[in-house]
Amino acid sequence: MAINCYVTFPTTFYAIRAESLLKKKEVAFKMVPVPRAISSSCGTALRCACPDLKMLKNYLAENNTEMESFYQLEEEGLKIPMVKELKPDELQ
């Protein structure tokens with residue numbers, strides 16, 4: 001079972017901005033479609049290791065990148081993952 005954290009954005013503009021900014025940092029992340037367990041609407045999310053989430057959030061906020069929500073997903077193959085929405089003060 002893999003546990004990943006996800007960041008969603010209010011618009012595609014901010015998702016692209018986040019990707020551009022994070023490519024300059026040495027941190028592992030991947031831009032992915034928003035998992036269906038989070039939202040049935042289309043969109044792009046940032047997937048990262050949960051221990052990196054707070055640092056990524058702070059870096060993006062310092063660089064004027066709006067973020068919508070934060071999630072932790074326990075994923076196992078094709079099974080529906082367990083989803084936990086994280087509040088900003090809950091970030092590690």
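The values are calculated or read from the model by the stated rules, or taken from the named source; none is laboratory data. This one's a predicted model, so the numbers in the text were calculated from it and none came from an experiment. Neighbour counts run over all protein chains shown; Cβ positions are idealised from the backbone, glycine included.
Each residue in region 12-29 was checked for being in contact (Cβ under 8 Å) with a residue 24 or more places away in the chain and either assigned to a loop (DSSP other than H, G, I, E, B) or under 21 Å from Gly77 (Cα atoms) (or both), and 4 of them qualify. Close contacts from region 42-71, counting a first residue that is at positive phi and a second that is buried (at least 18 other Cβ atoms within 10 Å of the Cβ) and assigned to a strand (DSSP E or B), with Cβ to Cβ under 6 Å and a gap of 6+ residues or different chains, come to none at all.
Pro35 versus (1) under 12 Å from Tyr6 (Cα atoms); (2) outside any loop (DSSP other than H, G, I, E, B): which is the lone unmet condition? With respect to (1) under 12 Å from Tyr6 (Cα atoms); (2) outside any loop (DSSP other than H, G, I, E, B), Pro35 is out only on (2).
Checked against the criterion of being in contact with a helix residue (DSSP H, G or I) (Cβ under 6 Å, 6 or more places away or on another chain), outside any helix (DSSP H, G or I) and exposed (fewer than 14 other Cβ atoms within 10 Å of the Cβ), region 72-80 contains not a single residue that satisfies it.
Being buried (at least 18 other Cβ atoms within 10 Å of the Cβ), out of contact with any Asp or Glu (no Cβ under 6 Å at 6 or more places or on another chain) and at negative phi is a description that does not apply to Leu21. Met55 meets the stated requirement of being closer than 16 Å to Glu90 by Cβ and not polar (S, T, N, Q). Inspection of region 52-60 finds a residue satisfying the criterion of being out of contact with any Asp or Glu (no Cβ under 9 Å at 6 or more places or on another chain) and under 14 Å from Phe9 (Cβ atoms).
Please pick out the residue among Glu62, Glu66, Glu74, Glu19 that is modelled with pLDDT under 90 and not hydrophobic (A, V, I, L, M, F, W, C).
Glu74
Does Ala45 count as buried (at least 19 other Cβ atoms within 10 Å of the Cβ), outside any helix (DSSP H, G or I) and either modelled with pLDDT of 95 or more or polar (S, T, N, Q) (or both)?
Details: buried (at least 19 other Cβ atoms within 10 Å of the Cβ): yes; outside any helix (DSSP H, G or I): yes; either modelled with pLDDT of 95 or more or polar (S, T, N, Q) (or both): yes.
Yes: the conditions hold for Ala45.
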